[in-house]
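Below is one structure, written out as structure tokens; the observations come after it.
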Amino acid sequence: MNRRKKGNQILKARAKKANAKLAPKNKPRYISKAERAKLAEEAAKDPKLQFSINEDKPADWFEPLYAKANIDGEGVPWANMSTQPLFKHWLEANELQGKDKSALVVGCGLGDDAIELEQRGFSVTAFDVSETAINLCKKRFPESKVEFIQADLLAELSQWHKAFDFVLEIYTVQALPPKYEAQLIDNIAAFVAEGGHLLVIAEVSNEERQFENGPPWLLTPEHVDAFCHRGLSVEQRLDNDGALEAKAGSYITLFKAQAL
Ligand SMILES: C[S@@+](CC[C@H](N)C(=O)[O-])C[C@H]1O[C@@H](n2cnc3c(N)ncnc32)[C@H](O)[C@@H]1O
């Protein structure tokens, strides 16, 4: 073989090797059946993927979730089908009587906490962004006088401003992306009548609140304190399993609105 032919052969071989190295980047990576099953399993566990949560349409994922649920609460991860356990814990330690008083339940879900308040004598309004959730409440409690209403906490709800003696908020703020926190907290605080109370039950962590990290987007202790808007102040904090000291876990905080 002459030198030129041999040189050409070497160059061709090098080019083939270089192409072979480049080729995998151009080809889609082969994903095995087992890997695909694992990815699908992970996606099924991640609500952001499962319900296509869109940061700009923050409440849109609740209706499809409730639409797949049944009247026994199957399909609703937060359904207790009885008084929320931490609210019950607070009620055991505190006398709450609602005779001649009004109450509002924010993000009422399947309605059990509204019924608890009705049984304590309050005249109760309870709202949720999901129409299906509200319909399920009405079906579950046909005898109840609670006004179950479809409404969006992010909308202007001026008819309820300073209108309620007792407002209950459990886990709604943390179910919506962090960029809405100030609006949500402010809107909830605005429902409390002068001299009335707001009970907030929230999961707390010191981690930075970022869209990527939720749902839920746990509140920091400072976010809980941010309810001290519009004349509210902290009246009581009930510790639950050392959450206050650890600054993690669930905070149960009672706020009082100034009486003028
Ligand atoms: C995590 S769940 C908590 C439900 C209930 N408070 C409980 O503790 O069982 C949040 C609830 O808030 C409702 N929600 C979410 N965004 C809302 C909004 N913008 N306005 C009213 N309700 C909303 C959801 O549909 C859901 O029922």
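The values are calculated or read from the model by the stated rules, or taken from the named source; none is laboratory data. Since we're looking at a predicted model, the values are computed, not measured. As a convention, Cβ positions derive from the backbone with ideal geometry for all residues, glycine included, and neighbour counts pool all protein chains shown.
For Glu92, work out the one condition from (1) within 15 Å of the ligand (Cβ to nearest atom); (2) assigned to a helix (DSSP H, G or I) it doesn't fulfil.
(1)
Which condition breaks for Val224 when tested against (1) of a type in the set (Val, Ile, Thr); (2) more than 23 Å from Leu110 (Cβ to Cβ); (3) at pLDDT 95 or above?
Tallying (1) of a type in the set (Val, Ile, Thr); (2) more than 23 Å from Leu110 (Cβ to Cβ); (3) at pLDDT 95 or above, Val224 fails exactly one: (3).
Condition check ((1) surrounded by 14 or more Cβ atoms within 10 Å (Cβ to Cβ); (2) not hydroxyl-bearing (Ser, Thr, Tyr); (3) not in a loop (DSSP other than H, G, I, E, B)) across all residues:
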position: Leu136; (1), (2), (3): yes, yes, yes
position: Lys145; (1), (2), (3): no, yes, no
position: Phe148; (1), (2), (3): yes, yes, yes
position: Gln159; (1), (2), (3): no, yes, yes
position: Phe166; (1), (2), (3): yes, yes, yes
position: Glu181; (1), (2), (3): yes, yes, yes
position: Ile185; (1), (2), (3): yes, yes, yes
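Filter region 80-89 down to the residues that are surrounded by 18 or more Cβ atoms within 10 Å (Cβ to Cβ) and either away from the ligand (no atom under 12 Å from the Cβ) or of a type in the set (A, V, I, L, M, F, W, C) (or both), then identify the one that is nearest to Leu168 (Cα to Cα).
My answer is Phe87.
Answer with yes or no whether His229 is surrounded by fewer than 21 Cβ atoms within 10 Å (Cβ to Cβ) and over 12 Å from the mean Cα position of the chain (by Cα). Spell out how you get there, then give the answer.
Details: surrounded by fewer than 21 Cβ atoms within 10 Å (Cβ to Cβ): yes; over 12 Å from the mean Cα position of the chain (by Cα): yes.
In short, yes.
Of the residues Val192, Val234, which single one is among the hydrophobic types (A, V, I, L, M, F, W, C), more than 15 Å from the ligand (Cβ to nearest atom), in contact with a Cys (Cβ under 9 Å, 6 or more places away or on another chain) and in the same structural domain as Ser123 (by TED's automatic domain parsing)? Even if it seems obvious, please write down each step before you answer.
Details: Val192 fails: in contact with a Cys (Cβ under 9 Å, 6 or more places away or on another chain).
The match here is Val234.
Taking into account only those residues within region 108-133 that are within 19 Å of Leu184 (Cβ to Cβ) and among the hydrophobic types (A, V, I, L, M, F, W, C), which is nearest to the ligand (Cβ to nearest atom)?
Here is the first cut: in region 108-133, the residues within 19 Å of Leu184 (Cβ to Cβ) are 108-109, 113, 125-130, 133.
Then keep just the ones that are among the hydrophobic types (A, V, I, L, M, F, W, C); that gives 108, 126-127, 129, 133.
Numbers: Cys108: 6, Ala126: 9, Phe127: 6, Val129: 4, Ala133: 5 Å.
Result: Val129.
Scanning region 119-134 for residues that are outside any loop (DSSP other than H, G, I, E, B) and charged (D, E, K, R), which turns out surrounded by the most Cβ atoms within 10 Å (Cβ to Cβ)? Show your work before the answer.
Going residue by residue through region 119-134, those that are outside any loop (DSSP other than H, G, I, E, B) are 119, 123-128, 131-134.
Checking the rest, the ones that are also charged (D, E, K, R) come to 128, 131.
On the way: Asp128: 29, Glu131: 13.
Only one residue fits best here, namely Asp128.
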